[in-house]
1. At a Förster distance of 56 Å, what's the computed FRET efficiency of residue 556 paired with residue 416, Cβ-Cβ distance as r, to 0.05?
2. Which order do the peptides 167-174, 110-117 come out in when sorted by mean C-beta neighbours inside 10 angstrom, highest first?
3. Under 1.5 on a/c is rounded, so check that first for segment 350-460, then, if it is not, pick prolate when a/b is larger than b/c and oblate when it is not; a ≥ b ≥ c are the square roots of the alpha carbon gyration tensor eigenvalues.
4. When the helices in the chain are scored as -39500 (n - 2.57) per DSSP H run of 4 or longer and the sum is shared across all residues, what 222 nm value do you end up with, to the nearest 500 deg cm²/dmol?
5. Among 251, 60, 575, 214, which comes first, second and so on when ranked by fewest other beta-carbon atoms within 10 Å?
6. Explain nothing, just compute: Karplus ³J(HN,Hα) = 6.51 cos²θ - 1.76 cosθ + 1.60, θ = phi - 60°, for every residue of segment 439-454 in order, whole Hz, x for Gly and Pro.
7. Apply 1/(1 + (r/R0)^6) to the Cβ-Cβ distance of residue 394 and residue 439, taking R0 = 25 Å, and write down the FRET efficiency to the nearest 0.05.
8. Separation of segment 552-593 and segment 499-518 by C-alpha centroid, Å?
Amino acid sequence: MAGKVENIRTPIVAVLGHVDHGKTSLLDKIRGSSVAETEEGLITQHIGATLVPIETVRKMSGSLGHLGVSVPGLLFIDTPGHHAFTTLRARGGALADMAILVVDINEGFQPQTIEALQILRNYKTPFVVAANKVDRVPGWRTAGAETFQKTLSQQGQRTVDLVEHRTYELVGKLSELGFNSERYDRVRDFQRTIAIIPVSALTGEGIPDLLMVMIGLAQRFLTGDLGFSAEGPGQGTVLEVKEERGLGATMDVILYDGTLRVGDEIVVGSHNGVIATKVRSLLVPRSMHEIRVEERFQRVKSVVAAAGVKVSAPSLEHVIAGSPLRVIAGNREEVLAAVEKEMGEIHVKISETGITIKADTIGALEALSKELEGQGLGVIKASVGPVSRHDLIEVQTVNDPLHSVLLCFNTPILPDAGEVLKDPNYANVKVFSSGVIYELIDNYAKWRDERKREMEERKFEQMVMPAKISLLPNCVFRQSNPAVVGIRVLGGKLRSDVNLIDRSGRRIGHLKTMQQRGEYIHEAAAGAEIAISIEGATIGRQIDVGDELLVEIPERHVKVLEHEMLSHLSSDTVMVLDEFTSMKRKNDPFWGK
């Protein structure tokens, strides 16, 4: 049996689902770690990998002793949780042989749950549903890390009924989406029916059942039919590039096919194009430890797929996280061309107008682009790596103030770029930086909305606004030079320094100043009674008490008011605008249009 295990690649299991439904916490319970507590914002931001050997699975499930298990264990990939990471989930789906879809049994399906299902369907990936947080079902009595069947038998009837009801709500939703499913202990054919396993990432209940089902799936679906093997030249994906003491720049890699050995020549993508380098050393995390947070690694001569491995080699400083890794075996030029082609297929939609984005990995860059596209925002430029002075110079040339923006996810601002940001000439450049994508986008959206509001307010301030007034009786304080008279604002928004016309369209004079209770004001709303001075008019000649006058609005202002600002105007202002434009369009139907 041992020889057979060596020839079978470890199956890769993607863990997917909605944010906060407990993906990382579930893995933490399996591996006895606390990666979830180290994540910024408590949401997984990059794809991580954990190898769980078959011996551990046997120990935790307690039910595999009699099974003829030939897979060497399970390599879990923890995919990011927020809906912005659709593309990264797709990467996880593409790498995975099987998947666990984590759903909060109390909340049910959420938008990201359905996104994850679409990915699994597209990649035809076998999966199970881990109905998490069963311990939060009202009345649940925790029994520790036992099988679901054992702990269910200790519950009251009302709690059992609630678990049954909520499980069948998941069955119904899956049915709506075209999947046949059932609670795992009632499934007869796991190849035709999706198994739903109630679990608790907090207490460990149901996790033995989950592991048993996953191993069973691996045996049925994958043995002899993985499409990959533990033999042949290694292929992998770069997760992260980081400096390690005594090693220099290293790569964290998921090796998903073949074997990688010390001394192998490998090809990876970098900021300077595709590069070839030679493996100097290989380090693997201890089993049950997550590669991104492991501190003690073991040096090995070779690594067999599937595995998380740290690779030390020359010239890795500029390697791009998310790029493919290929071992050169045979035609060197073919391997170089294949990696170059794959690097050219970064899925970012570039628009003629939009903002600039930077990220630390290809997947994060694609995810950021996808999220912005979903919000109707274009991306004019996208690249992987730290923010440089050149990036800011390019952003500064953008004319649209809402697009003079750079969003950078989890990537540093270089010192020369930091100096540029202090330059007053770059005051129009706005940089948003965060280690959590949804926070980055939310912060930008808030700023964008506030900036729009400020710009609209400034537009309003510069606009001649519609207004209608009537001259009040017994309120003529001066007849001319200038005429000073009390008025009531009948509608709209009256401002000083505007021309007044009568209802025939004849210009009466220029409203110079406005006073209320002896103080000069610049604006008055409908209903206000104030005194105004009118230059060029004589009370009793051009106008008289009781007359109604309109503010004369320039044609270009009418176009802006009707096409851009109408939704911001009050109903009485719109009525005055309609009265004014109707008068102007009697002789010219297209005036102001």
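Just so you know, all these numbers are worked out from the coordinates, no wet-lab data involved. Treat the numbers as computed from the prediction; the structure is a model and nothing was measured. We place every Cβ from the backbone using ideal geometry, glycine too, and count neighbours over all the protein chains shown.
1. Numbers: r = 44 Å, r/R0 = 0.78.
Efficiency for this residue pair is about 0.80.
2. Details: 167-174: 17.5, 110-117: 19.4.
Packing order, densest peptide first, comes out as 110-117, 167-174.
3. Values: a/c = 1.68, a/b = 1.14, b/c = 1.47.
Taking the square roots of the gyration eigenvalues as a ≥ b ≥ c, segment 350-460 is oblate.
4. Numbers: 16 runs with 174 residues, N = 593.
Value at 222 nm, helices only: -9000 deg cm²/dmol.
5. Working: 251 24, 60 20, 575 17, 214 27.
Starting with the residue having the fewest Cβ neighbours, the order is 575, 60, 251, 214.
6. The phi angles translate into 5, 4, 5, 4, 5, 5, 4, 5, 4, 4, 5, 5, 5, 4, 4, 5 Hz.
7. On the way: r = 25 Å, r/R0 = 0.98.
About 0.55, to the nearest 0.05.
8. That distance is 18 Å.
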